[in-house]
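Notes for the one structure printed next.
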Amino acid sequence: MSRAVIYKEFGGPDVLTVTDVPEPHAGPGEVRVRVTAAGLNPMDWIIAAQPEAAEVWGVSLPAGFGSDFAGVVDEVGEGSEQFSRGDRVFGGAIAKAAADYAIIETGPSALYELHRLPDGISDEIGAALATPGLTAAATLDTIGVGPSDTVLVGGAAGGVGVLTVQLARLAGARVIGTGSASTFDFLRSIGAEPVTYGPGLADRVRALAPEGVTAAADLFGAETVEAALELGVPKQRITWIAAGVTVPDGIRWSTGSEAAPGALEKIIRAVSAGDIIVPIAATFSLEQVRDAVQLQAGRHTHGKIVVAL
């Protein structure tokens, strides 16, 4: 037997239970990953809480929990010889991450990609990369950020925001990031000029950048979208990522599935080189998964919440 976080009904953190399940094994075209860390994302607890969100992602009850993971390949099925036992890897797989083992397809039709994790990068950081990295890359691709841009990033201190800010800075852009006053020192440390979110955001941004804002990404809700429109940013250079948020027509929603090929490899090279940092806000044990979700759902942490196995 092995452990997995399972929920049998939709709801808040209390529906999550650490359950003994039969130990899975890799079949043809699959590898088994012994999971060492799982990184939490808002989508994880949204799927667990909302049946309509679960349906969108193809999740049905009873369900596993978590999407992003890092670990070690310990079984290799026929046709997956591009991986070997002992390979350190990271990736994303909906409803599979928070468990002792994850079975991952590796063939050309695989829904999720498995990536090697270089030496020198911890499992906790690896577990924090897949969904936020792909989403950040797709967000910036959508609005086309370059050296001549001043970019407004809403929710800049969150898991996706941290990477979005740093990727935009690597592209040469000036970045203004929204957050609470408690995040300001942190935002400055990753290259963003901080501004408080809330009513009057457009006026505060206008005072900080009187020459104007050229692009915007809202990584939390729709407030930054509204501020960007008020600041005269063209619709085609505004994007958002939060499901269930209503924005004006002509603004494109960004998803990680639209990231350019090689986006994660580019990010992992930047992390290895020290050009991007991936802050881990807190680490919990598998048995503390409810506490981890409660903290992550509060949206007040600087960086990622990780469950270590």
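Here are some notes:
- Rounded FRET efficiency, nearest 0.05, which uses the C-beta distance separating E211 from Q82 and R0 of 51 Å: 0.55
- Highest average packing first - 135-145, 177-187, 210-220, Cβ atoms within 10 Å: 135-145, 210-220, 177-187
- Cβ-based charge dipole, the range 201-297, positive-most Cα from A242, S257, L201: S257
- Net length gained if the chain between E265 and V72 were fully extended (0.36 nm per residue, minus Cα distance): 67.7 nm
- Between helix 159-170 and the chain: long-axis angle, C-alpha atoms, 0 to 90°, nearest 10: 60
- Computed extension gain for V21 through S257, at 0.36 nm per residue and net of the alpha carbon distance, reaches 81.9 nm.
- Nonlocal amide H pairs with A97, under 5 Å, H built at 1.01 Å: F65, G66, S67
- Carbon and sulfur %, accessible surface of the chain computed with the full protein complex present, 1.4 Å: 53
- Förster radius 30 Å - calculated FRET efficiency between A222 and D291, Cβ distance, rounded to 0.05: 0.50
- Phi-based couplings in Hz for the range 115-132 (Karplus 6.51, -1.76, 1.60; Gly and Pro marked x): 10, 6, 9, x, 4, x, 10, 5, 4, 4, 5, x, 6, 9, 9, 4, 5, x
- In order through the range 272-279: 3J(HN,Hα) via Karplus (6.51 cos²θ - 1.76 cosθ + 1.60), integer Hz, x for Gly, Pro: 4, 7, x, 7, 10, 9, 10, x
- Accessible surface calculations at 1.4 Å, restricted to protein heavy atoms, place the chain at 43 Å² per residue.
- Scoring 189-202, 261-274 by mean Cβ neighbours within 10 Å over their residues and listing the highest first yields 189-202, 261-274.
The values are calculated or read from the model by the stated rules, or taken from the named source; none is laboratory data. In this text, all values refer to a predicted model and were calculated from it rather than measured experimentally. Neighbour counts are summed over all protein chains in view; Cβ atoms, including those assigned to glycine, are modelled from backbone coordinates with ideal geometry. Areas reflect the complete protein model, heavy atoms only, side chains present, ligands, DNA and RNA absent. Shrake-Rupley method; radii C 1.70, N 1.55, O 1.52, S 1.80 Å.
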